[in-house]
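Undergrad: My questions will all concern the structure given below.
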Amino acid sequence: MISTRGRYALRVMLDLAEHTGDGYIPMKEVAERQGLSLKYLERIMPALSKSGLVEGIHGKGGGYRLSRLPEEYTVGEILRLAEGDLAPVACLACGAKPCERESYCKTISMWKKFYEITNEYFDSITIADLLKSEAENQPAL
């Protein structure tokens with residue numbers, strides 16, 4: 001359901017949140033820390049920047065940073081941006097033509113409820129929540 005693009009977008013946003021005080025972060029550093037392909041990240045970042053989730057500058061000292069506080073981003077917002085939609089079936093996707101089977105489809109109510117639950121769940125989790133849960137799962141020194 002969630003592609004590599006969505007998972008990587010979350011990892012980038014988490015990495016930027018962890019390094020909020022460091023100014024603009026070069027994607028090369030994020031790629032190295034996260035063990036991700038820099039080329040793949042370079043395809044994801046324009047969408048995050050264009051949507052206003054991150055701010056970027058080019059050139060020496062350039063990179064990206066969050067445009068808001070970590071608690072102001074939901075996982076759902078990031079995944080929908082990266083994935084385009086979280087619809088479990090094509091007929092529920094944004095912009096889909098009305099399904100000619102909907103009036104007698106025996107599964108549409110199940111898919112609608114699943115879609116609603118998925119969006120509600122991901123919208124209830126913030127980047128700050130994920131950072132907090134990561135810290136709580138670290139072993140004590």
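Undergrad: Can you report the number of residues in the stretch 4-49 which are among the small types (Gly, Ala, Ser) and either surrounded by 13 or more Cβ atoms within 10 Å (Cβ to Cβ) or touching a Cys at 6+ places or on another chain (Cβ under 6 Å) (or both)?
TA: Number satisfying all stated conditions: 6.
Undergrad: Taking the condition in contact with a Leu (Cβ under 8 Å, 6 or more places away or on another chain), assigned to a loop (DSSP other than H, G, I, E, B) and either of a type in the set (A, V, I, L, M) or farther than 16 Å from residue 10 by Cα (or both), does residue 86 pass?
TA: Yes; evaluated as a whole, the condition is true for this residue.
Undergrad: Going by what's in this entry, would residue 92 be described as at pLDDT 95 or above, in contact with a helix residue (DSSP H, G or I) (Cβ under 8 Å, 6 or more places away or on another chain), closer than 26 Å to residue 120 by Cβ and aliphatic (A, V, I, L, M)?
TA: No, not satisfied.
Undergrad: Same structure again: Do we have residue 103 as at pLDDT below 95 and under 24 Å from residue 74 (Cβ atoms) here?
TA: No, not satisfied.
Undergrad: Separate question: List, please: which pairs have Cβ atoms under 9 Å, are six or more places apart or on different chains, and start with a residue in the stretch 79-101 that is of a type in the set (Val, Ile, Thr) and end with one that is modelled with pLDDT of 90 or more and in a helix (DSSP H, G or I)?
TA: 89/108; 89/111; 89/114; 89/115
Undergrad: Applying the selection to the stretch 54-78, what residues are surrounded by 17 or more Cβ atoms within 10 Å (Cβ to Cβ) and within 17 Å of residue 131 (Cα to Cα)?
TA: 65, 66, 70, 73, 74, 75, 76, 77, 78
Undergrad: Within the stretch 69-81, can one find any residue that is in a loop (DSSP other than H, G, I, E, B), out of contact with any Phe, Trp or Tyr (no Cβ under 8 Å at 6 or more places or on another chain), modelled with pLDDT of 90 or more and not aromatic (Phe, Trp, Tyr)?
TA: Scanning the stretch 69-81 turns up at least one residue that is in a loop (DSSP other than H, G, I, E, B), out of contact with any Phe, Trp or Tyr (no Cβ under 8 Å at 6 or more places or on another chain), modelled with pLDDT of 90 or more and not aromatic (Phe, Trp, Tyr).
Undergrad: Please specify each residue of the stretch 59-100 satisfying the condition of being touching a strand residue (DSSP E or B) at 6+ places or on another chain (Cβ under 7 Å) and among the aliphatic types (A, V, I, L, M).
TA: 66
Undergrad: While we're on this one: Taking the conditions exactly as written (over 18 Å from residue 129 (Cα atoms), under 12 Å from the mean Cα position of the chain (by Cα) and of a type outside the set (S, T, N, Q)), does residue 86 satisfy them or not?
TA: Yes: the conditions hold for residue 86.
Undergrad: Looking at the stretch 29-51, can you tell me whether even one residue there is within 24 Å of residue 131 (Cα to Cα), in contact with a strand residue (DSSP E or B) (Cβ under 8 Å, 6 or more places away or on another chain) and in contact (Cβ under 8 Å) with a residue 40 or more places away in the chain?
TA: There is no residue in the stretch 29-51 that is within 24 Å of residue 131 (Cα to Cα), in contact with a strand residue (DSSP E or B) (Cβ under 8 Å, 6 or more places away or on another chain) and in contact (Cβ under 8 Å) with a residue 40 or more places away in the chain.
The values are calculated or read from the model by the stated rules, or taken from the named source; none is laboratory data. All values reported here derive from a predicted model rather than from experimental measurement. Cβ coordinates were reconstructed from backbone atoms using ideal geometry, including for glycine residues, and neighbour counts include every protein chain displayed.
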